[in-house]
Structures are given as C-alpha cells and as structure tokens.
1. Please enumerate the residues belonging to the stretch 23-67 that are under 23 Å from GLY115 (Cα atoms) and in contact with a Pro (Cβ under 7 Å, 6 or more places away or on another chain).
2. Taking the condition of being surrounded by 14 or more Cβ atoms within 10 Å (Cβ to Cβ), out of contact with any Gly (no Cβ under 6 Å at 6 or more places or on another chain) and outside any loop (DSSP other than H, G, I, E, B), how many residues in the stretch 104-116 meet it?
3. Taking the criterion of being polar (S, T, N, Q), farther than 20 Å from ASP18 by Cα and either part of a loop (DSSP other than H, G, I, E, B) or touching a strand residue (DSSP E or B) at 6+ places or on another chain (Cβ under 6 Å) (or both), would at least one residue in the stretch 172-189 satisfy it?
4. What pairs come out if I take residues in the stretch 167-181 that are within 18 Å of LYS138 (Cα to Cα) and pair them with residues that are in a helix (DSSP H, G or I) and of a type in the set (Ser, Thr, Tyr) whose C-beta lies under 8 Å away, six or more apart or interchain?
5. Kindly indicate whether VAL166 is under 17 Å from the mean Cα position of the chain (by Cα) and under 21 Å from LEU250 (Cα atoms).
6. Just one of the numbered conditions (1) in contact with a Leu (Cβ under 9 Å, 6 or more places away or on another chain); (2) touching a residue at least 12 places away in the same chain (Cβ under 8 Å) is not true of SER203; which one?
7. Please go through the stretch 117-157 and give me each residue that is in a loop (DSSP other than H, G, I, E, B) and without any contact (Cβ under 8 Å) to a residue 12 or more places away in the chain, ordered by number.
8. Do we find a residue being in contact with a His (Cβ under 7 Å, 6 or more places away or on another chain), modelled with pLDDT of 95 or more and part of a helix (DSSP H, G or I) anywhere in the stretch 191-198?
Amino acid sequence: MSRLVAVLLDTDIGDDIDDAWALAVCLTHPQINLLGVSTVYADTVARAVVARWLIEAAEKEVEVAAGEQNPIGRPISLYRPNQMKAIPPEDEQKLKTGRKDGVAFLAEKIEAFQGSELVLLTVGPLTNAAKLLTEHPKAAEKITRIVSMVGTLMPEHTEPEYNASVDPEATRILFECGKPLTMIGLDVTLRCRFNETDLKELSRSEKPLTKRLLALTEAWQEAHRRPDGSVPMPILHDPLAALVVVESDLVTLTPMRIVVDERGRTKKVEGEPNCLVATDVHPSAVVNRLKDLLA
C-alpha cells in the first residue's frame with residue numbers, strides 16, 4: 001500500500017503559473033495529504049485568494065494563510081498578481097477573508113500534526129520557511145524533510161535562481177538549517193515543459209479544478225504575450241518539486257554540500273552533504289504524470 005505523506009505548501013502563487021500547477025498536484029495526488037497552504041512575497045492576501053479559488057474547485061477543506069510580504073530586512077512594493085484577472089470579482093470578495101499570519105499558521109499546523117511523515121514543500125521565496133525555522137524551532141523539529149524548488153548549479157546560469165534571489169538571507173537559513181533537504185533546481189526543472197498539445201488535451205477535462213487551472217494559465221499567458229503574438233508555455237518547476245515529495249524516482253538525487261552567497265546563488269562546495277540535489281529528470285514522465293492527475 002502506498003504511503004500517505006502530509007504536506008504543508010508554501011507558495012508565491014499568482015505570478016508564474018507553475019505554483020498553481022504545484023498546488024493542483026498537492027490537491028489531487030493520492031499519496032499527498034495537504035494540511036495547509038501559506039503564501040509568501042508581496043500581496044500575499046491576493047495570492048491566498050488564488051490558492052483558495054483552486055482549493056474550492058477541488059472540493060477540499062484546506063486552509064490558506066497569507067504570510068510574509070517582505071523579504072528579511074528589505075521592504076518591497078506590493079503589486080497585483082497577474083492571475084487575479086482570471087478570478088471573478090465576486091469570488092475574490094468571498095475568498096479574500098482569512099488568516100494573515102502564515103508563519104504562525106505553519107507552526108500551529110506542525111505542532112498539531114500526529115503522523116509519522118510531514119514535509120514542508122516550498123515553491124516560492126523562502127521568507128516564511130526561514131522565519132518558521134528560526135522563530136518556531138520546536139515546531140520545526142517535527143518537520144521530517146523539506147523539499148524546495150530553489151537554486152541552480154548550471155555553470156552558464158550566472159544569476160541566482162529567482163526563489164533564491166528574492167530573499168538570499170532566508171535561502172541561506174534554509175540550507176544551513178540541518179533538516180533533511182531536497183533541492184529541485186533549474187538544472188532539472190527547465191527540462192520539464194508543457195506544450196500546446198498538452199494544454200489542449202487538458203482542456204477536454206470536465207474537472208472544475210482543471211478548468212480553473214487553465215483559466216489561470218490563460219491569464220498568465222496573456223500577461224506575458226510577446227510582441228509577435230505568441231504566448232509562453234508553462235515550465236513545470238514547482239509541480240516537479242511537488243511530485244518529487246512522493247515520487248522521487250522521477251529524478252536522480254545526488255548528496256551535495258551547497259552554500260548560498262549574498263545574492264542567493266547556490267554553489268557546490270567540498271564537505272559533508274547538507275542536501276540532496278536533483279541532477280537528472282525524466283521530463284516525459286513528469287508531463288504524463290501531471291496529465292494523469294488532472295485530465
């Protein structure tokens with residue numbers, strides 16, 4: 001019998017579309033028991049609305065709490081996530097009420113957990129996760145492992161990966177926390193992509209969750225329409241991380257010691273490993289698994 005893994009998802013859903021697909025994996029995968037969702041970075045209340053809109057379509061009872069808006073030590077300006085355009089105003093009004101203490105919310109969910117395996121899955125900047133680890137160490141002890149879509153070791157990728165760069169201090173705290181950590185970085189995620197045919201196949205689905213996912217995807221595509229009229233296709237960064245929580249055979253995991261510099265760049269160094277790094281992936285298997293769950 002397949003094991004059931006309890007998951008807390010921390011996400012910046014609403015900007016890039018892959019967060020929404022990762023949430024959908026957590027809502028539909030038979031081996032994932034989604035205990036709660038926290039949102040991070042900028043307008044976390046709007047992000048919580050997007051998450052609740054998908055959870056509502058999945059007919060699941062999963063609470064969402066808006067979390068930290070600012071990276072550690074750096075205030076930012078709020079902006080409206082592009083995918084809010086897909087959500088009817090009456091739905092937004094209905095769904096915007098809820099908790100706004102995401103870090104405390106995560107700690108409470110962890111402290112109340114009674115099972116044997118609890119995974120913190122991070123697919124956004126790491127501010128909530130870092131504050132959880134530093135401000136609620138007793139709760140953090142109960143986390144079995146952390147799976148993060150973060151970082152890259154690609155030599156040609158001289159800039160830090162986005163999630164790592166938004167809050168470099170939080171990224172450093174994650175890699176130095178001592179918890180079992182799995183890094184799902186650009187080295188593997190950039191190889192996992194939907195194409196027009198994949199989206200067309202999914203558009204035949206009658207599932208309310210998939211219909212809303214595709215509406216969010218269209219809003220994201222419209223926000224990033226290119227001068228030639230073409231639109232981007234989803235890169236499956238975050239859903240890959242979600243799948244690896246329970247299907248680690250989709251990737252090759254290599255023990256490494258990773259350090260984080262002041263800009264959030266992740267670098268391999270000599271020494272005792274502090275994480276497992278995904279170094280290879282089966283892209284077609286990832287795409288097919290997502291379609292199996294959501295078609």
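The values are calculated or read from the model by the stated rules, or taken from the named source; none is laboratory data. The structure presented is a predicted model; accordingly, all values stated were derived computationally and were not measured. Glycine gets a Cβ as well: all are built from the backbone with ideal geometry, and neighbour counts include every protein chain shown.
1. Answer for the stretch 23-67, where residues must be under 23 Å from GLY115 (Cα atoms) and in contact with a Pro (Cβ under 7 Å, 6 or more places away or on another chain): just VAL25.
2. Residues that pass the stated criteria total 6.
3. Within the stretch 172-189, none of the residues are polar (S, T, N, Q), farther than 20 Å from ASP18 by Cα and either part of a loop (DSSP other than H, G, I, E, B) or touching a strand residue (DSSP E or B) at 6+ places or on another chain (Cβ under 6 Å) (or both).
4. Matching pairs, first to second residue: ILE173/THR134.
5. Details: under 17 Å from the mean Cα position of the chain (by Cα): yes; under 21 Å from LEU250 (Cα atoms): no.
It is false that VAL166 is under 17 Å from the mean Cα position of the chain (by Cα) and under 21 Å from LEU250 (Cα atoms).
6. Among (1) in contact with a Leu (Cβ under 9 Å, 6 or more places away or on another chain); (2) touching a residue at least 12 places away in the same chain (Cβ under 8 Å), SER203 violates only (2).
7. GLU141, PRO155, GLU156
8. No: zero hits.
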